[in-house]
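Read through the structure below, which is laid out as structure tokens, and then see the notes.
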Number of protein chains: 2
Amino acid sequence: MDRLENELIKDIGEERYNHTLRVVDTAIKLARKHDIDLEKVKKAAILHDCAKFPGQINWLKMARDFDIILDNYMEYNQDLIHAPLGAKIAEVKYKIEDKEVLDAIYYHTTGRENMTLLDKIIYIADYIEPGRKFPGVDEIRKETFAHLDRGILLALDNTIKFLVDRNKLIHPNTLKARNFLLMDLNPKIKEDIFL
Amino acid sequence: MDRLENELIKDIGEERYNHTLRVVDTAIKLARKHDIDLEKVKKAAILHDCAKFPGQINWLKMARDFDIILDNYMEYNQDLIHAPLGAKIAEVKYKIEDKEVLDAIYYHTTGRENMTLLDKIIYIADYIEPGRKFPGVDEIRKETFAHLDRGILLALDNTIKFLVDRNKLIHPNTLKARNFLLMDLNPKIKEDIFL
């Protein structure tokens, strides 16, 4: 674990590493409220940003070098690449074999349809760790600790509106994650939804 | 055309037919500003809601009867079914063979990625016809006549935020339509977009 931490600080820098530690801390707090293997949570949390290299990076070249298949959105948005790239680096460099842990890293930025409990904890811990300051974050934090799924739905809704207001692309996985949770939380919505 | 109109009033009722006439009128006004076959626009506009039968309808059964393949979203949201069903009824009952016209009917509620000019005109005419009253509609009307794509992007953004605020599902095609237009209007967005 010490070797891992040293490698990680070298790769992502101290500031990003400090964010990572806050995500680990938040993820553990959430994990204790749910029935989940703590070791998996720690692994996914500590490595979630392992590919977030600071400075000017040629993300497209790096994705190619690691044989990562990018969707259109990732090609347009280099920032998104660190998530699938992180899953690959966690596997190759940090020898993570657990598919669940790798998936939680892969989807930690966009979310996905039908997220696992591990996906959810990593996604939302990254979103609400104490260093995050943006309008609405306190309400989302509170809701997340009261009811994980409702907290995540708030976070996804907030993200979608934020991106619309800023004329930014919205990854389809983010919408699918949101729609899935909405239906899961409101079974009756299946009958009387939409325009 | 007279026979068509009589059939249509019988099927969808007078109120919906009056909405249809306003959509036809709006679509023609838009069409005159663009390089498009007016006859196609009229056909798609007059028939866009041909499956919007009033009263209590068993939409799922009707979709099955017409061999329409529904996605998950349409199964949950019966209101969306009238669009693909309308495309089928336009083909079978009103003898429309033009795939472009049928597609414009099919996608008039959700939009889709890479919409045709005809798709766009029908989608937005339905959204801004003079009977529509909702916050923001005047701005969207104005923008649509000044710059079609920007008007449609505003309409899609407005729809997405409206549905988020009301805890309603958002069809993936609506997001794809919006993301596509955003990239089309802002080529530079391909480099510096997202979270």
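Relative contact order of the range B:2-190, taken over Cα pairs closer than 8 Å and 6 or more residues apart, is 20 percent. Farthest toward the positive end of the dipole of the range B:1-76, out of B:Pro54, B:Phe66, B:Thr26, is the Cα of B:Thr26, where the dipole comes from beta carbon charges about the Cα centre.
The mean number of Cβ atoms from other chains found within 10 Å of a Cβ in peptide A:154-162 is 2, as a whole number. Distances between copies of A:Asp2, taken at a point 7 Å out from Cα along the Cα→Cβ vector and listed shortest first: 9.5 nm. With neighbour counts taken as other beta-carbon atoms within 10 Å, the residues A:Ile36, B:Ile105 rank, fewest first, as A:Ile36, B:Ile105.
Got a sec? How would A:Met74, B:Met183 order by Cβ neighbour count within 10 Å, fewest to most?
Numbers: A:Met74 24, B:Met183 17.
Starting with the residue having the fewest Cβ neighbours, the order is B:Met183, A:Met74.
Where Lys and Arg each count +1 and Asp and Glu each count -1, what net charge lies around A:Ile140 among other residues with Cβ under 14 Å from its Cβ? Net charge around A:Ile140: +1.
With +1 on each Lys and Arg Cβ and -1 on each Asp and Glu Cβ, how big is the dipole of the range B:45-195 about its Cα centre, in debye rounded to the nearest 20?
About 300 debye.
The residues packed around A:Leu175, meaning those with a beta-carbon under 11 Å from its beta-carbon, carry a net charge of +3 if Lys and Arg are +1 and Asp and Glu are -1. The separation of the range A:43-63 from the range A:1-26, counted between C-alpha centres, amounts to 12 Å. Only helices enter this figure: runs of n ≥ 4 DSSP H residues, each worth -39500 (n - 2.57), summed and divided by the residues of chain A, yield -20000 deg cm²/dmol at 222 nm to the nearest 500.
Taking other Cβ within 10 Å of each residue's Cβ, how do A:Lys176, B:Lys42 sort, fewest first?
Details: A:Lys176 20, B:Lys42 16.
Result, fewest neighbours first: B:Lys42, A:Lys176.
With N residues in the range A:41-186, what two-decimal value do you get for its Cα radius of gyration over 2.2 N^0.38 Å? Mind dumping the intermediate values first?
On the way: Rg = 15.0 Å, N = 146, 2.2 N^0.38 = 14.6 Å.
The reported ratio for this selection is 1.03.
Placing a label point 7 Å from Cα along the Cα-to-Cβ direction at B:His34 gives distances to the equivalent points in the other copies of 4.4 nm, listed shortest first.
Note down the Stokes-Einstein diffusion coefficient of the range B:30-119 in µm²/s, whole number, using a Kirkwood radius over alpha carbon pairs, 20 °C, and 1.002 mPa s. Display every interim value, and only then the final one.
On the way: Rh = 13.5 Å.
In µm²/s, the coefficient rounds to 159.
A simple count of charges around A:Cys50, restricted to other residues whose Cβ falls under 9 Å of its Cβ and scoring Lys, Arg +1 and Asp, Glu -1, yields -1.
Sorted from closest to farthest, the other copies place their B:Phe134 label points 2.5 nm away, with each point set 7 Å from Cα along Cα→Cβ.
Bear in mind that the values in this text are calculations on the coordinates, not laboratory data. Quick caveat: nothing in here was measured; it's all calculated off a predicted structure. Quick reminder, even Gly has a Cβ in these numbers, built from the backbone with ideal geometry, and neighbours come from all protein chains shown.
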